[in-house]
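Notes for the one structure printed next.
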Amino acid sequence: MVAVKELCKSLVQPLLAVFIGLLTGAVVIAAVGESIIGTYQELWKGAFGSFYFFSSTLARATPIMLIALGLALAFRAGVFNLGAEGQMVLGAISATLVAIYLPAPGIVKMLAALVTGIAMGGLWSLMAGYMEAKFRIPLLISTLLLNYIAVLFASYLVTEPFQDKGGSAALAQTVMLDKSIWLPKLFAGMSVHAGFLIALAAALLLFWVLRFTPFGYEVKMLGQNPFFAQYGGIQRIKVMLTGMFASGAFAGLAGTVEVLGSHYRFVDGALTVPNFAWTGLMATLLANSNPIGVIFTSILLAAFQTGAMGVERNTEVPLELASVIQAVLILFISAKFSYTWWKQRKKKGGNTHGVA
């Protein structure tokens, strides 16, 4: 019963934010001179109008969901991990190279690639956590800057030593993976693959860990009141490092399943251009870091992106409509955090005044 109430509470703010975003989008649509109702009908059709479009939305939501789950864990522990993009890319390129060069049967290569992607994403994130624990380098800065190193290093790998030289275009990409390594499609002819089931299972697993395990309790206490948590015997550094590794592991898994299930090779920019990492961050914040809520917010944000493509095809409204709505969502989230910060500061100020 408590879990249901927590889930409902986590969905109230996203629904309110989406409503405000749709109102703002209506202003943009009216400015273009298109029908508001007709445009939103096309938005719905582009995301859910047929089974093909629905499967495309789920495929788009898969990396967003996995990244959002990792960030949800980090935020629950009071850790600010902004390095999901680099962790995703480094996990993806590492998994791709293992899938290409490991001398083993297809299923073994697939499993090895998944493990490698998880491990590399986690270790890259753990490095930022170690620098925080050892040298007091703020995670907010280190995780953000490590994105550039990971993305540019992966770009170098597929531009120089591991570039596919066989194609006439000579693009910055690896060779195609063998079909035995591909993640299976859930439905023939559709884009959604087994990675979506992995993401759903990960959400349920994370919900269980946070709610029913000692580690989940430690994460909750550390995130809500770090001083009380340390007083109660919780080792902040240990929980922080574990949370950082797990958060990066989710991001690395996101990049890996996108390669194995959609692109079938590592293509430079294919994971960064769609802004999976930052959309995942938005999904986490909208869901208040609730793993079950993340499932719905990830699909919702993916629906805006896939639906906007249908809007651009069938109306005069540009693709950037989805960006406008998402920008409003970001403003809503920023306003919510600013209000919470102001209220806490006012409360502390009032208490201080009372003591004096």
Subject >> When residues of segment 187-214 are limited to those that are hydrophobic (A, V, I, L, M, F, W, C) and within 26 Å of LEU102 (Cα to Cα), the one surrounded by the fewest Cβ atoms within 10 Å (Cβ to Cβ) >> reply: LEU197
**OP:** Report yes if some residue within segment 120-128 is in contact (Cβ under 8 Å) with a residue 40 or more places away in the chain, more than 30 Å from VAL79 (Cβ to Cβ) and aliphatic (A, V, I, L, M); otherwise report no.
**Re:** no
**OP:** Would you please list the contacts, defined by Cβ atoms under 7 Å and residues six or more apart or on different chains, that run from a residue in segment 253-267 that is free of Cβ contacts under 8 Å to residues at least 40 places away in the same chain to a residue that is among the hydrophobic types (A, V, I, L, M, F, W, C) and not in a helix (DSSP H, G or I)?
**Re:** HIS263/ALA270
Original post:
Do any residues in segment 188-205 that are farther than 17 Å from LEU71 by Cβ and touching a residue at least 40 places away in the same chain (Cβ under 8 Å) have Cβ atoms under 6 Å from those of residues that are among the hydroxyl-bearing types (Ser, Thr, Tyr) and open to solvent by less than 40 Å² (accessible area, probe 1.4 Å), where the two are at least six apart or on different chains, and which pairs are they?
Top reply: MET190/SER55; SER191/SER55; SER191/SER56; VAL192/SER55; GLY195/THR62; PHE196/THR62
Original post:
Does LEU140 satisfy being part of a helix (DSSP H, G or I), more than 15 Å from the chain's Cα centre (by Cα) and under 22 Å from ASN288 (Cα atoms)?
Top reply: yes
**OP:** Return the residue satisfying two criteria in turn: it lies in segment 309-323 and is open to solvent by 60 Å² or more (accessible area, probe 1.4 Å) and touching a residue at least 24 places away in the same chain (Cβ under 8 Å), and of such residues it is nearest to the chain's Cα centre (by Cα).
**Re:** MET309
Original post:
Got at least one residue in segment 144-158 being in a helix (DSSP H, G or I), touching a Pro at 6+ places or on another chain (Cβ under 9 Å) and surrounded by 12 or more Cβ atoms within 10 Å (Cβ to Cβ)?
Top reply: no
Subject >> Matching residues, segment 280-305, being of a type in the set (Val, Ile, Thr), closer than 21 Å to GLY46 by Cα and surrounded by fewer than 24 Cβ atoms within 10 Å (Cβ to Cβ) >> reply: ILE295, ILE299
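Per-residue answers, yes or no, for (1) within 14 Å of GLY70 (Cβ to Cβ); (2) at pLDDT 90 or above; (3) of a type outside the set (Val, Ile, Thr):
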| position | (1), (2), (3) |
| --- | --- |
| ALA277 | yes, yes, yes |
| ALA283 | yes, yes, yes |
| ASN288 | no, no, yes |
| PHE296 | no, yes, yes |
| ALA303 | no, yes, yes |
| GLY307 | no, yes, yes |
| ASN314 | no, no, yes |
| PRO318 | no, no, yes |
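A quick yes/no check of all residues on (1) in contact with a helix residue (DSSP H, G or I) (Cβ under 6 Å, 6 or more places away or on another chain); (2) part of a helix (DSSP H, G or I); (3) at pLDDT 90 or above:
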| residue | (1), (2), (3) |
| --- | --- |
| ALA3 | no, yes, no |
| CYS8 | no, yes, no |
| LEU15 | no, yes, no |
| ALA31 | no, yes, no |
| GLN41 | no, yes, yes |
| GLY46 | yes, yes, yes |
| ILE64 | yes, yes, yes |
| LEU69 | yes, yes, yes |
| PHE75 | no, yes, yes |
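The values are calculated or read from the model by the stated rules, or taken from the named source; none is laboratory data. Here the structure is a predicted model, which is why all the values come from computation and not from measurement. Cβ: placed from backbone, ideal geometry, glycine included. Neighbour counts: every protein chain shown. To get the accessible areas, we keep the full protein, side chains included, count just its heavy atoms, and leave off ligands, DNA and RNA. Shrake-Rupley method; radii C 1.70, N 1.55, O 1.52, S 1.80 Å.
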